[in-house]
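First up is the structure itself, then whatever we jot down about it.
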Amino acid sequence: PLKPPRQSLGEFYRLNKKAISKPLITHIYTADPSAHVFNGKIYIYPSHDIDAGEAFDDLGSHFAMEDYHVISMDSINSEAIDNGLALHVDDIPWAEKQLWAPDAHEKDGKYYLFFPAKAYDGIFRIGVAISASPTGPFTAQPEAIKGSFSIDPAVFKDDDGNYYMYFGGLWGGQLQRWRTESFNPNEPKNPTAFIPKDNEPALLPLVAKLTDDLLEFSEPPKQLEILDAEGNLLLAGDNCRRFFEASWMHKYNGSYYFSYSTGDTHLICFICYAIGDNPYGPFTYKGILLEPVVGWTSHHSICEVDKKWYLFYHDSSLSKGVTHLRSIKLAEIIYNEDGPIVPLKPYID
Ligand code: FUB
């Protein structure tokens with residue numbers, strides 16, 4: 001049986017505030033929205049949250065998602081359409097469970113879905129599936145990307161036509177178990193096992209350029225440095241600013257904006273961003289993009305639609321705070337003239 005959701009006073013308070021935007025769809029739970037415009041239409045690639053009956057734990061076993069649905073919108077104000085089953089875990093030869101946050105991209109008329117899943121050996125890997133349509137159905141490659149690990153792939157196409165994958169996530173996302181060349185096989189007793197001490201540099205997200213066919217890494221993944229204003233790496237104890245999961249990259253006025261979630265608990269679950277001058281960084285921390293939302297996790301994407309910029313994100317308002325039953329939303333974001341983004345407050349009094 002499921003335990004009731006853990007809810008703090010802060011959570012209760014936010015649940016009693018008014019949300020600034022509504023769930024895009026309400027007949028299924030969705031999360032981790034990666035939004036893109038393909039051929040003038042908006043396509044959102046979310047996780048499809050379900051209640052699979054798994055017990056709650058800090059490694060996210062209750063996030064036991066089994067398939068993906070693609071959501072589409074003709075324009076930013078039009079109805080969001082669920083295009084049905086796009087890929088199921090039973091049709092991914094290497095994956096056993098936990099289809100977590102995906103992303104997608106188009107190249108030469110084909111659509112590529114990038115997704116993390118736990119393989120039969122208990123290790124998260126990242127796979128690719130292909131379709132002739134942005135809404136699928138997608139056919140999975142027989143194996144995961146060679147050399148891939150952890151979760152939350154986000155694929156960015158640069159102006160020169162190169163595609164880069166950003167990825168990684170702590171705790172249930174297993175990034176802390178990859179601190180040496182190979183996976184640490186010791187099952188952690190708690191989610192902070194193997195995480196650096198507070199005064200040591202924080203764990204970093206990874207980036208790898210993709211091969212021309214978008215099916216493999218064309219280079220070993222490199223760490224993406226996130227620095228403070230003095231040029232020092234953010235520390236592991238800097239919980240409100242250091243990387244946790246949910247990578248996203250976008251380019252605005254020639255600068256590269258790397259955004260991510262800091263959240264190991266919902267109270268410090270900010271979506272933050274850091275700016276750099278090339279896809280590999282280093283990136284300098286600039287500030288908060290989205291204040292904490294209702295629910296344990298926060299995960300987003302940023303997409304330009306008709307010359308305006310939007311944050312696609314999720315919260316657990318619809319399920320009244322159940323951490324693994326989330327709903328995707330969107331809100332416009334505003335850039336100040338010299339580049340900083342105005343932080344978004346998801347709830348109003
Ligand atoms: O949806 C499962 C996991 O929760 C994602 O991979 C994380 O980013 C968090 O949103």
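The values are calculated or read from the model by the stated rules, or taken from the named source; none is laboratory data. Small disclaimer: the values here were computed from a predicted structure and weren't measured. Heads up, the Cβs are rebuilt from the backbone with ideal geometry, glycines too, and the neighbour counts pull from every protein chain shown. Side chains are part of the model used for accessible areas, which takes the heavy atoms of the whole protein and leaves out ligands, DNA and RNA. Shrake-Rupley method; radii C 1.70, N 1.55, O 1.52, S 1.80 Å.
Before moving on, here are some points about what is shown:
- L85 fulfils the conditions (1) within 16 Å of the ligand (Cβ to nearest atom); (2) under 20 Å from A52 (Cβ atoms); (3) part of a strand (DSSP E or B) except for a single criterion, (1).
- Residue in segment 280-291 that is touching a residue at least 12 places away in the same chain (Cβ under 8 Å) and under 22 Å from I42 (Cα atoms) present: yes
- Each residue in segment 202-213 was checked for being open to solvent by 30 Å² or more (accessible area, probe 1.4 Å) and not in a loop (DSSP other than H, G, I, E, B), and 1 of them qualify.
- Within this structure, E216 fails the test of being among the acidic types (D, E) and either more than 16 Å from I126 (Cβ to Cβ) or surrounded by fewer than 16 Cβ atoms within 10 Å (Cβ to Cβ) (or both).
- Candidate set from segment 246-257 (those that are open to solvent by 10 Å² or more (accessible area, probe 1.4 Å) and among the polar types (S, T, N, Q)); member that is nearest to the ligand (Cβ to nearest atom): S255
- The residues listed here are F167, F243; of these, the one that is within 16 Å of the ligand (Cβ to nearest atom), farther than 17 Å from I126 by Cα and open to solvent by less than 10 Å² (accessible area, probe 1.4 Å) is F243.
- Criterion: under 15 Å from the mean Cα position of the chain (by Cα) and modelled with pLDDT of 95 or more - qualifying residue of I28, I44, I50: I44
- Test for I76: is it away from the ligand (no atom under 16 Å from the Cβ), of a type outside the set (G, A, S), in contact (Cβ under 8 Å) with a residue 60 or more places away in the chain and in a loop (DSSP other than H, G, I, E, B): yes
- Candidates in segment 42-55 are the residues that are aliphatic (A, V, I, L, M) and open to solvent by 40 Å² or more (accessible area, probe 1.4 Å); of these, the one that is farthest from the ligand (Cβ to nearest atom) is A55.
- Residue within segment 124-146 that is surrounded by 17 or more Cβ atoms within 10 Å (Cβ to Cβ), without any contact (Cβ under 8 Å) to a residue 40 or more places away in the chain and under 17 Å from P33 (Cα atoms) present: no
- Criterion: modelled with pLDDT of 95 or more, outside any strand (DSSP E or B) and among the β-branched types (V, I, T) - qualifying residue of I71, I126, I151, I130: I151
- Checklist (1) part of a loop (DSSP other than H, G, I, E, B); (2) at pLDDT 95 or above; (3) within 15 Å of the ligand (Cβ to nearest atom) applied to P191, failing item: (2)
- Flag if D58 is in a loop (DSSP other than H, G, I, E, B), open to solvent by 10 Å² or more (accessible area, probe 1.4 Å) and either within 14 Å of the ligand (Cβ to nearest atom) or free of Cβ contacts under 8 Å to residues at least 60 places away in the same chain (or both): yes
- Flag if W100 is more than 13 Å from the ligand (Cβ to nearest atom) and touching a residue at least 12 places away in the same chain (Cβ under 8 Å): no
- Some residue of segment 195-213 being among the small types (G, A, S), more than 16 Å from the ligand (Cβ to nearest atom), over 27 Å from T323 (Cα atoms) and without any contact (Cβ under 8 Å) to a residue 24 or more places away in the chain: no
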